[in-house]
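Contents: one structure, followed by commentary.
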Amino acid sequence: MGTFEEPMLSYIPSKIDPAATLGLIQSNKANYQHFKAIKDITSFTDEKIAGWLDISVKTYRTYTKPGAQIKDSIKEHALIILSLIRHGAEVFGSIKNFLQWLEGDNFYFDKKAPITFMNTGSGMKFIDDRLTGMEYGDNA
């Protein structure tokens, strides 16, 4: 599993931050590398990641190549996924531990795995809020 020590990911916010995300999109810093990073960091399938982004697998694969023309709304979703992964890794001590939590059934998510909520902005915000709660002593 990768880490966020890589220079390209060092500026990804460690919590969902709309202003920072918008700034990255507007400054054209969000690009194909972020789409590739999601897979490199998590090892999830192209199908799963494409599902979160609400795009086809073929489109996702295109977005992982240099020069890809990517809609801002899809860039936003990818950046939020990376922020969420970074926040989760900080809370759980590693990306691996966070991904295990993400895939496990959870009381706060109606006894579903939090990962099932990754396909919407509000779902990812809810996951991020739970992570923040855990930082402050709330059980997960």
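Results, tabulated for the structure shown:
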| item | result |
| --- | --- |
| Approximate shape of the range 87-134 as ellipsoid semi-axes (Cα gyration tensor, √5λ), whole Å, largest first | 16, 12, 10 |
| The chain: DSSP helices with Cα axial extent of at least 20 Å and average Kyte-Doolittle hydropathy no lower than -0.5 | 72-92, 121-135 |
| Stretchable slack from residue 135 to residue 108, in nm (0.36 nm times residue separation minus alpha-carbon distance) | 8.2 nm |
| Rounded FRET efficiency, nearest 0.05, which uses the C-beta distance separating residue 10 from residue 47 and R0 of 25 Å | 0.30 |
| At 1.567 mPa s and 4 °C, Stokes diffusion of the chain via Kirkwood alpha-carbon radius, µm² per second | 86 |
| Most fluctuating residue given options 53, 79, 22, as computed from a GNM of the chain linking Cα atoms under 10 Å | 22 |
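Every number here is computed from the coordinates shown, using simple stated rules; none is lab data. All values derive from a computational prediction rather than experimental measurement. For neighbour counting, all protein chains shown are included, and Cβ atoms are generated from backbone atoms with ideal geometry for every residue, glycine included.
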